[in-house]
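K.L.:
Have a look at this one before I ask anything.
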Amino acid sequence: MKSWLTTTDHKRIGLLYFWTAFGFFLIGGLEALIIRAQLVRPDGGLGVSAEMFNQLFTMHGTTMIFLALMPLSAAFFNYIIPLQIGARDVAFPRLNAFSYWVFLLGGLFLNASFIAGPLFGADRLSVAPDAGWFGYANLTSRQFSPGPNVDFWLLGLQILGIASLAAGFNFIVTILNMRAPGMRMLRLPLFTWMALITQFLVITAFPVITVALVLLMFDRFFGTHFFLPAGGGDPILWQHLFWMFGHPEVYILILPAMGIVSEVLPTFSKKPLFGYTVVVYSGVVIAFLGWSVWSHHMFSTGLGPIADSVFAGTTMLIAIPTGVKIFNWIGTLWGGQIRFTTSLLFAVGFIAMFIIGGLSGVTHASAPSDLQQTDTYYVVAHIHYVLFGGTVLGLFAGMYYWWPKMTGRFLSESLGKVHFWLTMIGMNLAFFPMHFSGLLGMPRRIYTYPAELGVARFNQLSTIGAFLIGVATLIFFWNLLRTRWQPANAPANPWGGATLEWAMSSPPPVYNFTVIPTVASRLPLWQTERHAPMVALPAEPPAPIHVPGGSWWPMITALGLPIIAIGALAHLIPIVLAGAAVVIVGIYRWAYEPFEM
Amino acid sequence: MGVDSRKMAFWAFIGSECLLFGSLIATYLVYKGRSLVGPYPHEILNIPFTSFSTFDLLMSSLAMVLALAAVQRGDMKQGKLWLFVTALLGLVFLGGQFWEFSHFLHEGLGLTTNLFGSTFYVLTGTHGAHVTVGVIWLLTLWIQAVRGKLGPKQALTVEITGLYWHFVDVVWIVIFTVVYLIQ
Amino acid sequence: MLRGAIYFDAVRFVLAVLLLFLTACSGQFPQSVFAPRSDFSTELAGLFKGIFWWAVAVFVIVESLLLIALVRYRARRGAAQPKPVHGHTALEIGWTLAPALILVFIAVPTMRAIFATAGHAPEGALRVEVIGHQWWWEYRYPTLNISAYNELHLPVGTPIQVEMTSADVNHSFWVPRLGGKRDLIQGRTNRIAFRADSTGEYWGQCAEFCGASHANMRLRVFVQSDSVFQRWVDQQRAAPATPAKDSPAEAGLQVFRRSACIGCHTIAGVAQGKIGPDLSHVGGRATIAGALFPNTTETLHRWIMNAPSLKPGVLMPPQNLSPQDLDAVIAYLQSLK
């Protein structure tokens, strides 16, 4: 147990991220199911109160984005990247552990709000954030959100931001500096490339939301008027700052999954990725262009025709590199020998669903048309096609692909196929009708709707679909759990993959590679036109390999952050200072601890 | 890639911090001229005084350069001296900020008085917090040097400290220009 | 299994197109964007349809390619190792330029429509100011010197210039059949302009999350012929009806005067409350409580007795009126046509 608390091994940290994130994914899913249950009937639904509903959709969005999808990607960054680049660990193993603990504590802090009501003299148990995952000013002002709900939100997100930033710095250095000999940048596996681009987006986008949250904190705690018209402030400034973060954030969410798809398709087609260089550069272009589109989330705010035109234009432009990837994936499948493993099914599902989500995105790019679409269930359909149909399906593809490597055990393929088909049916049943309910006039974020709108039938379909997704996910959860009782007999390279993570045993030894390999191609383990497969690495290392021990300081330092947040929530300076002291002492002890890589 | 991992990580961090300060400066610029009540910048900002502060910080960067050069060549006597001078000049800057803020408060410009006050104090306060962290960092290194535990082998640590310190200085130049000089 | 996938997609696609046409029937879908009744909403519906068909074409082509690849190239026993194709420059150029070209066909009408719907009505338009409150709507007609609440009346065929702002948090004014939405933001004035083409009753609701009762902030627009509209304007301008002596409505007026009502509501000549909607002509409205309920004795009864139970978060507290007082007040309010 202690070894898990002090671990600095990227593989263990990856598994910690996985289970924690999957737990939050289930919680976020439960929140969605309650939302869908409430909306199955018009005119009051099943009786979920407006206040509870507003907390549910706020927490569903916040949980899925920050506590489930990003950390699930991080689980793979952690486990797979050092293996793919031929390294023994990440550049800063203790910083890596720190990121995990901060994530866990931030997630617990945020969810503690569900039961913290009594501590704040509230008349209900839950004071969970309730102003939306996007927290628009000036609804988030102290005047219109007097309780601690929004405070939980802005403090929780600031904690989580630190986790993401730390991981961002870590992986950038790892990928740039710790590649095995011969692994030039254009020989990097696609997953690692997309991860690298994602980390650059993280370290540039998160400071912007940090500033937005700090300004909101000042408005709520110290009486400033950054977003309050009474003092000359402009609520629109919040939207600009938030979406300057928020748009790169959606690429942070999708690029890793695109990276996974780019790994899975070649392996199960027995062909290299079609257009490797183009796929890499399209990712880079998407990252740059992603900074230029943010106000397409604000088309109804009255930006003016010139701004509307510019952002409509840039948004349409970004469809091009995105489409290019899809064509290259089809090109990878084309002419191959496709094995329909569950992993491949999910990767193909990603492509099929992302096409739909991407196309509805193009309809949003047209600013005037968007005036009928934005803030309705049409856009809820769009985001779930790209985030569920895209990111989640891509992550499932990664799970089935890399689970044998990470645990030495296979996930059941038959349960996997059931999971896949149930998920595909469920998600289309849940989200496709939302295109209609939206265009028939059902806005977002409403706890009930009148029967006269005529959207009850579509809502019923969506609810059934959502519950199907729930069943499918539970089947998957069972699939995960039952591997514990499986024999750990997965070979080093069960799928015949081409990249370095498949070079050693499943799971790899603690030091990853007995000998650091030298690579001569993008596909080190395959026979290519110009290279034989890499020589098998020895079973035992030629000399003892030093494995760094664990450290308590990442976890202890991380603990200081929620303490600061609790002090701020309670308006108690001594607690804030105590938390700061924990952080400072933690950093000093960390810095002076003898820790050999 | 030919750059030490810690240095590379620090450059990434500085890149990130550029976005942090960039957002704060953008907020300042967006709200420039939109305060509903005074005091207004032209009434209250003291350019001569702040020019001196700026000069002080620039000199501290020079001291930092000298400190690093000394440590790199193994001259720990000079290294200790210049590390201390850098920290001291940083403290002088902070003292100046403290004095300026007290003066402004006295003149009626508080954090919540108007948009100028809010954006000014949050921007310069964030910068001041960064300087404070830098001073603590420098003094920690100085104490290490006094204890004989800092030498040419730790030159990279001093170099990274220098990177941080110069960055904080550059941010100040931008703030000084945007807030004080261009009104 | 794969053929199943193809049928699955095909069936879904056909259903989509069918449903799309079905929804054009406006009758049972009062907030449908596909039943436009103004120049603004017609322009937007046309734009969407254009883009939609491009999207359908791309969808069919790309999904088909995907499915063909999956069927044709599935692994067969004893098959040779596939040719390791790494790329194809001409294809890359082709499938970069083709989408770019399609996007031009989408961008040009988009830019045109952006400027056409920028919200500036022609000279002589009727000006209406919309002020959003949590969770009700206030309308002012500056050139006609009247105000309305929750229900907007407009003359058919006349250009309307709507200027909107908020008294508190962000809201969004959305009447799908008359046009796209625009946000109401405190400290800013946003504009839309349109000309309603046919008379009728149009439904809308707030489309920007604005707190507890966001879902309950609804509105109605009554587009009327010039004469009917003028009659309505005159009615709003007139002083509120004085109830007949000794009538139940008169008793209600007395109850109103001595109750908490006057703290929040205005009735010209009777009360000057500024927190809730003006009730001077509430009897003439088709709905109450932010277009949440039809205006009937029964709904007024439930609303006045316990508004927060029907509309969470609303500022109007439950009222402690005796049954006779309540009936009297309702009679009075219903008399204020």
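The values are calculated or read from the model by the stated rules, or taken from the named source; none is laboratory data. Not measured: the values here are computed from a predicted model. Note that each Cβ is placed from the backbone with ideal geometry, even for glycine, and that neighbours are counted across all protein chains shown. Each accessible area value is taken on the protein alone, full model and side chains, heavy atoms only, with ligands, DNA and RNA left out. Shrake-Rupley method; radii C 1.70, N 1.55, O 1.52, S 1.80 Å.
K.L.:
Would you mention how many residues in segment C:242-282 are crowded, with 18+ Cβ neighbours inside 10 Å and within 21 Å of C:Glu138 (Cα to Cα)?
P.N.:
Number satisfying all stated conditions: 13.
K.L.:
Taking into account only those residues within segment A:359-377 that are more than 9 Å from chain C (Cβ to nearest Cβ) and either polar (S, T, N, Q) or surrounded by fewer than 24 Cβ atoms within 10 Å (Cβ to Cβ) (or both), which is nearest to the chain's Cα centre (by Cα)? Write out each step before concluding.
P.N.:
Just the residues of segment A:359-377 that are more than 9 Å from chain C (Cβ to nearest Cβ), to begin with: A:361, A:364, A:377.
Narrowing the set further to residues that are either polar (S, T, N, Q) or surrounded by fewer than 24 Cβ atoms within 10 Å (Cβ to Cβ) (or both) leaves A:361, A:364.
On the way: A:Gly361: 19, A:His364: 23 Å.
Only one residue tops the list, namely A:Gly361.
Table: residues versus (1) in contact with a strand residue (DSSP E or B) (Cβ under 6 Å, 6 or more places away or on another chain); (2) over 22 Å from A:Phe410 (Cβ atoms); (3) outside any loop (DSSP other than H, G, I, E, B).
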| residue | (1), (2), (3) |
| --- | --- |
| A:Leu468 | no, yes, yes |
| A:Leu480 | no, no, yes |
| A:Ala488 | no, no, no |
| A:Ser506 | no, no, no |
| A:Phe513 | no, yes, no |
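K.L.:
Please determine, by comparing only the residues of segment C:211-232 that are under 14 Å from the mean Cα position of the chain (by Cα) and open to solvent by less than 10 Å² (accessible area, probe 1.4 Å), which one is farthest from A:Gln55 (Cα to Cα).
P.N.:
This residue is C:Val221.
K.L.:
Shifting gears a bit: Where residues in segment B:1-13 are of a type in the set (A, V, I, L, M, F, W, C) and surrounded by fewer than 16 Cβ atoms within 10 Å (Cβ to Cβ), which of them is nearest to the other protein chains (Cβ to nearest Cβ)? Before the answer, list the steps.
P.N.:
Initial filter on segment B:1-13 (of a type in the set (A, V, I, L, M, F, W, C)): B:1, B:3, B:8-13.
Pick out the ones that are also surrounded by fewer than 16 Cβ atoms within 10 Å (Cβ to Cβ) and you get B:1, B:3.
Details: B:Met1: 5, B:Val3: 7 Å.
Looking at residues that are of a type in the set (A, V, I, L, M, F, W, C) and surrounded by fewer than 16 Cβ atoms within 10 Å (Cβ to Cβ), I get B:Met1.
K.L.:
Condition first: open to solvent by less than 30 Å² (accessible area, probe 1.4 Å), more than 14 Å from chain C (Cβ to nearest Cβ) and part of a loop (DSSP other than H, G, I, E, B). Now tell me which residues in segment A:183-235 satisfy that.
P.N.:
A:Met183, A:Leu188, A:Pro189, A:Thr224
K.L.:
Only one of (1) under 24 Å from C:Asn216 (Cβ atoms); (2) of a type in the set (Val, Ile, Thr); (3) in contact with a helix residue (DSSP H, G or I) (Cβ under 8 Å, 6 or more places away or on another chain) fails for C:Thr266. Which number is that?
P.N.:
(3)
K.L.:
Additional query: Being within 14 Å of another protein chain (Cβ to nearest Cβ) and either closer than 29 Å to B:Trp137 by Cα or assigned to a loop (DSSP other than H, G, I, E, B) (or both) narrows it down to one of B:Ser23, B:Ser61, B:Ser53, so name that one.
P.N.:
Details: B:Ser61 fails: within 14 Å of another protein chain (Cβ to nearest Cβ); B:Ser53 fails: within 14 Å of another protein chain (Cβ to nearest Cβ).
Just one listed residue meets the conditions, B:Ser23.
K.L.:
Okay, next question. Do the conditions hold for A:Leu429, that is, is it surrounded by 22 or more Cβ atoms within 10 Å (Cβ to Cβ) and touching a residue at least 24 places away in the same chain (Cβ under 8 Å)?
P.N.:
On the way: surrounded by 22 or more Cβ atoms within 10 Å (Cβ to Cβ): no; touching a residue at least 24 places away in the same chain (Cβ under 8 Å): yes.
Considered against the rule, which asks whether it is surrounded by 22 or more Cβ atoms within 10 Å (Cβ to Cβ) and touching a residue at least 24 places away in the same chain (Cβ under 8 Å), A:Leu429 comes out as no.
K.L.:
Next up: Just to be sure, is C:Ala238 among the aliphatic types (A, V, I, L, M) and in contact (Cβ under 8 Å) with a residue 40 or more places away in the chain?
P.N.:
Values: among the aliphatic types (A, V, I, L, M): yes; in contact (Cβ under 8 Å) with a residue 40 or more places away in the chain: no.
Criteria not met by C:Ala238.
K.L.:
Could you tell me which of the residues B:Gly95, B:Gly90 is small (Gly, Ala, Ser), open to solvent by 30 Å² or more (accessible area, probe 1.4 Å), farther than 24 Å from B:Asp4 by Cα and in a helix (DSSP H, G or I)? Please lay out each step first, then the result.
P.N.:
Details: B:Gly90 fails: open to solvent by 30 Å² or more (accessible area, probe 1.4 Å).
The conditions single out B:Gly95.
K.L.:
Across segment C:62-76, which residue is nearest to the other protein chains (Cβ to nearest Cβ) among those that are farther than 20 Å from A:Gly275 by Cα and open to solvent by 60 Å² or more (accessible area, probe 1.4 Å)?
P.N.:
Only one residue tops the list, namely C:Arg74.
K.L.:
A further question on this structure: Does at least one position in segment B:66-83 carry a residue that is acidic (Asp, Glu) and assigned to a helix (DSSP H, G or I)?
P.N.:
For segment B:66-83, residues acidic (Asp, Glu) and assigned to a helix (DSSP H, G or I): absent.
K.L.:
Regarding segment A:118-128, can at least one residue be identified that is buried (at least 24 other Cβ atoms within 10 Å of the Cβ) and touching a residue at least 40 places away in the same chain (Cβ under 8 Å)?
P.N.:
Yes, segment A:118-128 has at least one match.
K.L.:
Of the numbered conditions (1) surrounded by fewer than 19 Cβ atoms within 10 Å (Cβ to Cβ); (2) outside any loop (DSSP other than H, G, I, E, B), A:Gly496 fails exactly one; give the number of that condition.
P.N.:
Looking at each condition in turn, A:Gly496 falls short on (2).
K.L.:
Let me ask something else about it. Step by step: first the residues of segment C:77-108, then only those that are assigned to a loop (DSSP other than H, G, I, E, B) and more than 7 Å from chain A (Cβ to nearest Cβ), then the one that is most open to solvent (accessible area, probe 1.4 Å). Which residue is that?
P.N.:
Start the filter on segment C:77-108 by keeping residues that are assigned to a loop (DSSP other than H, G, I, E, B), which leaves C:77-88.
Remaining after also requiring more than 7 Å from chain A (Cβ to nearest Cβ): C:77-78, C:80, C:88.
On the way: C:Arg77: 233, C:Gly78: 87, C:Ala80: 78, C:His88: 93 Å².
Once the filter is applied, the top-ranked residue is C:Arg77.
K.L.:
A further question on this structure: Hey, can you tell me all the residues within segment C:283-327 that are surrounded by 14 or more Cβ atoms within 10 Å (Cβ to Cβ), among the β-branched types (Val, Ile, Thr) and part of a helix (DSSP H, G or I)?
P.N.:
C:Thr299, C:Ile304
K.L.:
Quick check: anything in segment B:30-46 open to solvent by less than 20 Å² (accessible area, probe 1.4 Å), among the hydroxyl-bearing types (Ser, Thr, Tyr) and more than 8 Å from chain A (Cβ to nearest Cβ)?
P.N.:
No, there is no match, as no residue in segment B:30-46 is open to solvent by less than 20 Å² (accessible area, probe 1.4 Å), among the hydroxyl-bearing types (Ser, Thr, Tyr) and more than 8 Å from chain A (Cβ to nearest Cβ).
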